[in-house]
1. What relative contact order, as a whole-number percentage, does the range 1-417 give when Cα pairs under 8 Å and 6 or more residues apart are counted?
2. How big is the antiparallel share of DSSP beta bridges in the chain, given as a percent to the nearest 5?
3. Past 18 Å, Cα to Cα, is the threshold; run K16/K375; K227/K555; K14/K171; K427/K514 against it and keep the listed order.
4. Return the percentage of antiparallel bridges among DSSP beta bridges fully within the range 420-572, rounded to the nearest 5 %.
5. Among the aspartates and glutamates, which have Cα under 13 Å from the Cα of K53 when same-chain residues fewer than 8 positions away are ignored?
6. Determine the relative contact order of the range 300-423: mean sequence separation of Cα pairs under 8 Å and six or more apart, normalised by residue count, in whole percent.
7. Take the Cβ-Cβ distance between T275 and V567 as r, set R0 to 35 Å, and report the resulting FRET efficiency rounded to the nearest 0.05.
8. Can you give me the % of accessible surface on the range 420-572 that is carbon or sulfur? Probe 1.4 Å, all protein chains present, nothing else counted.
Amino acid sequence: MKPVSNNNERWEEKLKALTFNVKQIQDNLLEEILTPNLKTEYLQRFHMDRFDKELFKKNVPVVTYEDIKPYIDRVVNGESSDVMSARPITGFLLSSGTSGGAQKMMPWNNKYLDNLTFAYDLRMHVITKHVKGLEEGKGMMFLFTKQESITPSGLPARVATSSYFKSDYFKNRPSNWYYSYTSPDEVILCSNNTQSLYCHLLCGLVQRDEVVRMGSIFASVMVRAIKFLETYWEELCSNIRTGHLSQWITDLGCRSSVSLVLGGPRPDLADTIETVCNQSSWEGIVKRLWPNTKYIETVVTGSMGQYVPTLNYYCSDLPLVSTTYGSSETTFGINIDPLCKPEDVSYAFMPNMSYFEFITMDGDKRDVVDLQDVKLGCTYEPVVTNFSGLYRMRVGDILMVTGFYNNAPQFKFVRRENVVLSIDSDKTNEEDLFKAVSQVKLVLESSDLMLVDFTSYADTSTFPGHYVIYIEVKDKEGESKKKKYVELNEDVFSKCCSVMEDSLDNVYKRCRFKDGSVGPLEIRVVRQGMFDSLMDFFISQGASIGQYKTPRCIKSGKALEFMDECVVARFFST
Ligand code: AMP
C-alpha cells in the first residue's frame with residue numbers, strides 16, 4: 001500500500017475553491033448541464049431554446065418523480081436517452097423505496113460516479129484532518145452488491161452503491177489507504193448478502209489488528225453486522241482455528257479469496273477472539289475485538305438516528321461519523337466536522353455535484369431559491385437538476401440550514417417529507433413519530449426493557465381508523481441475555497400508548513379526543529427478530545441491504561401481513 005498521498009494540500013485547495021465560489025460554480029454547472037440538453041424533448045416542451053438561467057426557472061416546472069416518470073419509462077422501455085438527456089443514459093438507479101414510497105428508477109450515467117468518488121475523496125481528506133494514524137491500517141466496511149436487473153432497453157437497473165462496485169471506478173480504484181479494505185473485492189461483489197456478511201466478519205477478525213476504521217453506508221447495517229456476529233462468532237472462530245471456511249459459503253469468489261485471507265489454522269487468534277466474545281456483556285465489544293479502530297463510519301442522521309444508542313453500547317466511546325448525504329439523484333454534500341455528535345451533524349452542499357435549488361418550507365408561501373441564497377435557521381426541500389436528465393426534481397427531504405462553511409450552506413437532515421401517518425386531518429411526520437417513540441423508550445427503560453426497532457401503520461380498516469405502532473422489545477442487555485421471552489406487562493404498554501398520544505400534536509389530539517375521528521392508538525409488540533426478518537422481506541422484494549432503512553411507516557400489504565403474523569401482544573391507549 002502506498003504511504004499517505006501528499007494530496008492533502010491539493011484537496012484542501014479544492015475544498016476551499018468549492019466552498020468559496022458557490023454561486024459561480026452553480027451557475028457554470030447549470031450551463032454545463034443545460035447547454036447540450038436544449039434539444040431534448042423534455043426541455044423543448046418548455047421552450048428552452050437557449051441557455052438562460054432565468055428562462056429555465058420561469059419555464060421549466062419544479063416536478064416530483066411521478067411527473068417525469070413517463071419520460072423515464074420511455075427510456076426504460078427502449079427509446080433513446082435524448083427524450084430527456086443528451087448525455088446517454090447508461091443505466092438506472094433503484095432508490096431504496098423503503099423511505100415511504102415505492103421503488104423509483106433514476107436515470108444514471110458515469111457522471112454520478114465521478115461525483116460519488118469525488119465526494120468520497122474529499123470527505124476522506126476531511127477525516128484525515130481530524131483523525132490521525134489511519135494511513136497504516138485498513139477499513140472493515142460492510143459493503144454489499146445487489147443483483148442488478150436489466151430493463152427492456154437492455155440497460156442495468158441497480159442500487160447506487162452496486163453501480164459503483166460493479167464499475168471500473170471501483171475495480172481500478174487508487175491504492176490509497178482509504179480504498180483499502182479487510183475484505184477482498186469478491187466479498188463486496190458477492191450477490192448473496194448473508195455469505196458476504198459472514199465473510200466480511202471473518203476477514204475483519206483475521207486482520208483485527210490492522211482495522212483502523214469500521215462502518216457501513218447506513219447505521220442499520222452496522223447494527224445488523226454486530227447482531228450477526230453475536231449469532232455466528234463460534235463458527236467464525238472455528239473457521240479461524242482450522243483455517244477452513246464453512247461449507248455453506250458457496251460463492252466461488254468468496255471461497256477462493258477468503259481462504260487466502262484465512263491463510264491457515266490460527267488457533268491462538270481463535271482463542272483470543274473466543275475469550276472476548278464469551279464475556280457475559282457485549283458492551284464495548286467492537287473496541288475489544290478491533291482494538292485499533294479509531295471511529296465508526298456510518299450515517300446516523302435522519303431515520304438512522306435511532307441506532308445511535310445501540311451503536312454506542314457496542315462501540316463504547318468510538319466516534320460515530322456520518323460522512324455524506326446523498327441519494328439516487330445525486331450526492332449532495334459532506335460533513336465538514338466529522339467528529340461532532342450525531343445530533344449536531346450537518347452536511348455542506350458541494351456546488352459541483354448538481355444544480356441545487358430549494359423550496360422554502362417555513363410559512364405558507366413556497367418560494368424556490370438558489371443554493372447561495374438559503375438562510376440560516378430556515379427549512380427547505382432540495383430540488384435537483386443533474387447530469388442524467390433530471391430537471392428541477394424535488395427530493396422529498398426536509399433540511400435545515402445550520403451554518404456556512406466558507407460560503408457553502410450546511411444543512412441538517414430534518415426528515416423525509418412524505419412519511420406521514422394520517423387518518424383524518426391529523427398529519428404525523430417521521431419527526432413527530434420519533435419524538436413520540438422517544439417517550440415510549442423512557443417508559444420501557446424504567447421497566448428494564450429496550451426498544452429494538454419500530455414501524456407504524458395508519459389502520460383505516462377499523463372505524464374510526466387508528467395509528468398502529470409495531471415495536472420489538474428486549475430485556476436490557478446483560479440482565480437475561482439468553483431469556484427467550486420478554487415479559488409484557490399490561491400497565492407498562494398501556495402507558496406507552498398514552499405517552500405516545502400525549503406527544504403527538506394538537507390536530508391529532510383534537511381528532512382523537514374531541515372529534516373522535518381517530519381511534520385509540522395501538523401498540524403491537526412483535527416477536528424478537530421480527531425487524532431482521534422484515535429487512536430480509538424487503539430485500540427479497542428488491543431493496544438493497546446496503547441502503548436498507550427500516551420503513552417508519554408501512555404501506556405494503558404484504559409486509560403488513562407478515563408483521564401481523566409476528567404480533568405477540570396488542571395494547572391500546574385508554
Ligand atoms: P436512496 O435514493 O435510496 O439512496 O435514498 C436516499 C434517501 O436516503 C435520501 O433522500 C434521504 O432521505 C436518505 N439519506 C441519505 N443520506 C442520508 C443522510 N446522510 N442522513 C439522513 N438521511 C439520508
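The values are calculated or read from the model by the stated rules, or taken from the named source; none is laboratory data. None of these values were measured; they are calculated from a predicted model. As a convention, Cβ positions derive from the backbone with ideal geometry for all residues, glycine included, and neighbour counts pool all protein chains shown. Each accessible area value is taken on the protein alone, full model and side chains, heavy atoms only, with ligands, DNA and RNA left out. Shrake-Rupley method; radii C 1.70, N 1.55, O 1.52, S 1.80 Å.
1. 18 percent
2. Around 75 percent of the beta bridges assigned by DSSP in the chain are antiparallel ones.
3. Working: K16/K375 21 Å; K227/K555 27 Å; K14/K171 25 Å; K427/K514 16 Å.
Over 18 Å apart, Cα to Cα: K16/K375; K227/K555; K14/K171.
4. In the range 420-572, DSSP labels about 80 percent of beta bridges as antiparallel.
5. D27, E31, E32, E357, D370
6. Details: 244 pairs, mean separation 25.0, N = 124.
Relative contact order comes out at 20 percent.
7. 0.35
8. It is 49 percent, rounded to a whole number.
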